[in-house]
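S.K.: Just passing along the structure, written as structure tokens.
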Amino acid sequence: MSLLLECAEESEPPSITALGDARSATLVERVWAVAHLRPSAHVAIIGRHTLPLVLELLKRGCSAVRSLRPDAPSPDCEAADLAWIIDLDASELDEALRAARSRAGCAGRVIVEGATCAGSTLASIRDRAVAHGLDIVSFDHRASRLVLAGVRPAMTAAGARPAMAA
């Protein structure tokens, strides 16, 4: 009987978390540093195959983390300090940017891992982000990573600060 159990255990594929631990730890470490997050930060990861990243964030003490798919409804719309877009098709980017913008608001950050948006350059991702009310805070060409933030609308009422000219 134990022989049958051993055969069954050996035939199961390795865990997705075991395969992605090193890569996930590196990605989370870099994003954590770029976004300057505190352990209690609220993080929304938008994309596919996000479980290893969620688990890595949980291991680091970030207990307010959730995973969202751009093609699935997410009715909660909880605010996030960071919306991290990763592992998407270029066709899913607009929906992911819209979801990220609504969660991050004006105070949160949005990070787009550009290399995951096949066929998209950082410039084209930036153009699409601007259309959703986001603009570049920083970028890393080598990592194909953009850090975005919500654009604050210019105030025009009396006594409000004027919009800055370019």
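Rundown of residues vs (1) in contact with a Ser or Thr (Cβ under 8 Å, 6 or more places away or on another chain); (2) of a type in the set (A, V, I, L, M, F, W, C), yes/no style:
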{"position": "Val28", "(1), (2)": "no, yes"}
{"position": "Val31", "(1), (2)": "no, yes"}
{"position": "Ala35", "(1), (2)": "no, yes"}
{"position": "His42", "(1), (2)": "no, no"}
{"position": "Glu56", "(1), (2)": "yes, no"}
{"position": "Lys59", "(1), (2)": "no, no"}
{"position": "Ser63", "(1), (2)": "yes, no"}
{"position": "Pro70", "(1), (2)": "no, no"}
{"position": "Asp76", "(1), (2)": "no, no"}
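S.K.: Let me ask something else about it. Please indicate, with yes or no, whether at least one residue in region 73-90 is touching a Pro at 6+ places or on another chain (Cβ under 8 Å) and surrounded by 15 or more Cβ atoms within 10 Å (Cβ to Cβ).
M.R.: yes
S.K.: Mind checking which residues of region 50-99 are more than 22 Å from Ala131 (Cα to Cα), of a type in the set (Asp, Glu) and modelled with pLDDT of 90 or more?
M.R.: Listed by number, the list holds a single entry, Glu56.
S.K.: When you check Ala35 against the structure, is it more than 13 Å from the chain's Cα centre (by Cα), more than 15 Å from Ser24 (Cα to Cα) and not hydroxyl-bearing (Ser, Thr, Tyr), yes or no?
M.R.: no
S.K.: Right, next: Please give the number of the condition Thr26 fails out of (1) modelled with pLDDT under 85; (2) outside any loop (DSSP other than H, G, I, E, B).
M.R.: Unmet for Thr26, out of (1) modelled with pLDDT under 85; (2) outside any loop (DSSP other than H, G, I, E, B): (1).
S.K.: In region 69-76, is there at least one residue being among the charged types (D, E, K, R) and touching a strand residue (DSSP E or B) at 6+ places or on another chain (Cβ under 9 Å)?
M.R.: Taking every residue of region 69-76 in turn, at least one turns out to be among the charged types (D, E, K, R) and touching a strand residue (DSSP E or B) at 6+ places or on another chain (Cβ under 9 Å).
S.K.: A further question on this structure: Restricting to region 29-44, name every residue that is modelled with pLDDT under 90 and either out of contact with any Lys or Arg (no Cβ under 9 Å at 6 or more places or on another chain) or closer than 16 Å to Asp87 by Cβ (or both).
M.R.: Arg30, Val31, Ala33, Arg38, Ser40
S.K.: Now, a different point. Which of the numbered conditions does Met155 fail, given that it passes all the others? Conditions: (1) touching a His at 6+ places or on another chain (Cβ under 9 Å); (2) modelled with pLDDT under 85; (3) over 20 Å from Val34 (Cα atoms).
M.R.: For Met155, the exception is condition (1).
The values are calculated or read from the model by the stated rules, or taken from the named source; none is laboratory data. Since this is a predicted model, take the numbers as computed values, not measurements. Every residue, glycine among them, receives a Cβ derived from its backbone with ideal geometry; neighbour counts consider all protein chains shown.
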